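Heads up, the thing below is written out as structure tokens.
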Amino acid sequence: MRTVTVEEHFVSPGFANGPGRAFIEGFQKSTTKGAKIVEQLHELGDQRIAEMDAAGIDVQILSLNSPGVEQAETAEAITVAQESNDFLAEAIKKHPTRLAGLAALATQAPDAAVRELERTIGQKGFKGAVINGHTRGRYLDDKTFWPILECAESLAVPIYLHPAVPPKAVVEASYGGFAPHLTAMLATAAWGWHIETAVHLIRMIVGGVFDQFPKLQVAVGHLGEGIPFMLPRLNRNLPMEMTKLHRPIGAYLRENVHYTFGGFNFPATFLNLLLEVGVERIMFSVDYPYGSMTEAREFLEHLPVSPADKERIAHRNAELLFRV
């Protein structure tokens with residue numbers, strides 16, 4: 001069975017020495033596995049391919065690690081986005097059947113982001129773009145960013161909406177008052193990343209993004225960032241009479257959004273997602289190097305679905321969306 005994983009990460013030299021420097025240095029200090037993970041993020045060659053072979057992963061679709069370039073100054077964001085995309089393109093060139101890419105974009109400068117998206121799709125063969133959460137507190141329902149979304153729709157490529165640390169005021173109000181390490185974990189991997197991404201996606205829907213760009217496709221990770229659990233309530237409590245949208249909330253979540261594993265190898269959470277959105281909207285992923293390829297592959301093998309549906313999740317849905 002072919003396997004395509006769609007939320008896998010890397011860092012480029014420009015990112016590591018620029019907008020990602022604080023993240024990398026902090027991560028190395030915060031966990032005993034930090035140094036190993038940072039090494040894996042840098043490695044886009046034979047070592048990564050060997051790990052994929054050992055775990056039974058055929059293709060990784062790679063994206064620049066969070067925090068990406070969305071929190072950087074505009075000039076730096078433009079430079080590092082291009083540098084990281086070129087770095088990734090060179091790695092893909094060496095392993096064209098095993099690696100694919102999502103473009104990093106300087107969302108602070110929508111015109112530059114559009115040019116970079118067109119360049120990476122047209123010249124580098126990338127499969128879409130990654131946007132790491134808010135851009136200094138502004139979300140994609142802000143019409144400033146709509147030229148980027150319009151471009152993605154016109155190119156028929158998806159946007160992967162990846163988590164980011166919530167804005168500083170949200171971190172202080174919702175997660176502050178505890179020991180620094182506890183606040184940091186609450187605001188990120190334990191809770192805040194996921195709620196932040198769910199809020200971002202809901203803002204996009206309520207803000208009319210998908211009415212303006214009905215063919216735009218967005219992917220989110222971690223089995224839906226908590227949204228599937230809340231989908232029926234969102235659909236009931238935000239009726240069309242209130243939102244003035246063209247479709248019910250649930251329709252956008254089932255027709256414009258795709259969902260990946262992202263290290264959430266949790267059977268009950270998977271089943272909830274499956275029941276709410278259907279098998280055609282679910283794609284395999286690992287969240288490498290934070291997640292284990294071997295563990296994710298094992299979880300995939302034991303999904304309580306038919307062989308045909310397992311094939312869809314393992315590779316067919318990703319092939320249709322990303323054309324890999």
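The values are calculated or read from the model by the stated rules, or taken from the named source; none is laboratory data. For clarity, every value in this text was computed on a predicted model and none was experimentally measured. Virtual Cβ from ideal backbone geometry, glycine too; neighbours counted across all protein chains shown.
Filtering S84, S63 for residues that are out of contact with any His (no Cβ under 8 Å at 6 or more places or on another chain), modelled with pLDDT of 95 or more and under 30 Å from T294 (Cβ atoms) leaves a single hit, S84. The single condition among (1) within 27 Å of G224 (Cβ to Cβ); (2) crowded, with 21+ Cβ neighbours inside 10 Å; (3) not β-branched (V, I, T) that F15 does not satisfy is (1). In the set (1) aromatic (F, W, Y); (2) part of a loop (DSSP other than H, G, I, E, B); (3) in contact with a Pro (Cβ under 9 Å, 6 or more places away or on another chain), the condition left unmet by W193 is number (2).
Exactly one residue out of G45, G34, G56 is surrounded by fewer than 18 Cβ atoms within 10 Å (Cβ to Cβ), more than 22 Å from A129 (Cβ to Cβ), small (G, A, S) and at pLDDT below 95, and it is G34.
Checking the stretch 116-131 against the condition returns no match, with no residue being free of Cβ contacts under 8 Å to residues at least 12 places away in the same chain, within 28 Å of I195 (Cα to Cα) and outside any loop (DSSP other than H, G, I, E, B). In the stretch 280-316, of all residues being charged (D, E, K, R) and crowded, with 17+ Cβ neighbours inside 10 Å, the one that is farthest from P158 (Cα to Cα) corresponds to R297.
Here is a yes/no grid of residues against (1) without any contact (Cβ under 8 Å) to a residue 60 or more places away in the chain; (2) over 23 Å from F284 (Cα atoms); (3) out of contact with any Lys or Arg (no Cβ under 7 Å at 6 or more places or on another chain); (4) not hydrophobic (A, V, I, L, M, F, W, C):
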position	(1), (2), (3), (4)
E39	yes, yes, yes, yes
D58	no, no, no, yes
E73	yes, yes, yes, yes
A89	yes, no, no, no
K93	yes, yes, yes, yes
L99	yes, no, yes, no
A106	yes, yes, yes, no
V114	yes, yes, yes, no
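Every condition in (1) in contact (Cβ under 8 Å) with a residue 24 or more places away in the chain; (2) assigned to a helix (DSSP H, G or I); (3) out of contact with any Leu (no Cβ under 7 Å at 6 or more places or on another chain) is met by L149 except one, and the failing one is (3).
Matching residues to (1) farther than 16 Å from M52 by Cα; (2) among the basic types (K, R); (3) without any contact (Cβ under 8 Å) to a residue 40 or more places away in the chain:
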site	(1), (2), (3)
F266	yes, no, no
L271	yes, no, yes
V279	yes, no, yes
D287	no, no, no
F299	no, no, yes
D309	yes, no, yes
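When the stretch 216-239 is limited to residues that are on the phi > 0 side of the Ramachandran plot and part of a helix (DSSP H, G or I), the one that is surrounded by the most Cβ atoms within 10 Å (Cβ to Cβ) turns out to be G224. Would you confirm whether or not the stretch 273-289 contains a residue that is touching a His at 6+ places or on another chain (Cβ under 8 Å), closer than 30 Å to T97 by Cβ and in a helix (DSSP H, G or I)? Yes. Using the structure shown, decide if E319 is of a type in the set (D, E) and either at pLDDT below 95 or buried (at least 19 other Cβ atoms within 10 Å of the Cβ) (or both). When the stated conditions are applied, E319 does not pass them.
The numbered conditions (1) closer than 26 Å to A251 by Cβ; (2) in contact (Cβ under 8 Å) with a residue 24 or more places away in the chain are all true for S154 except (2).
Exactly one residue out of P289, P307, P248 is in contact with a helix residue (DSSP H, G or I) (Cβ under 7 Å, 6 or more places away or on another chain), more than 26 Å from R233 (Cα to Cα) and not aliphatic (A, V, I, L, M): that is P289. For the stretch 1-105, the helices (runs of 4 or more DSSP H) that sit wholly inside it and include 2 or more residues that are in contact with a helix residue (DSSP H, G or I) (Cβ under 6 Å, 6 or more places away or on another chain) and polar (S, T, N, Q) are 74-94.
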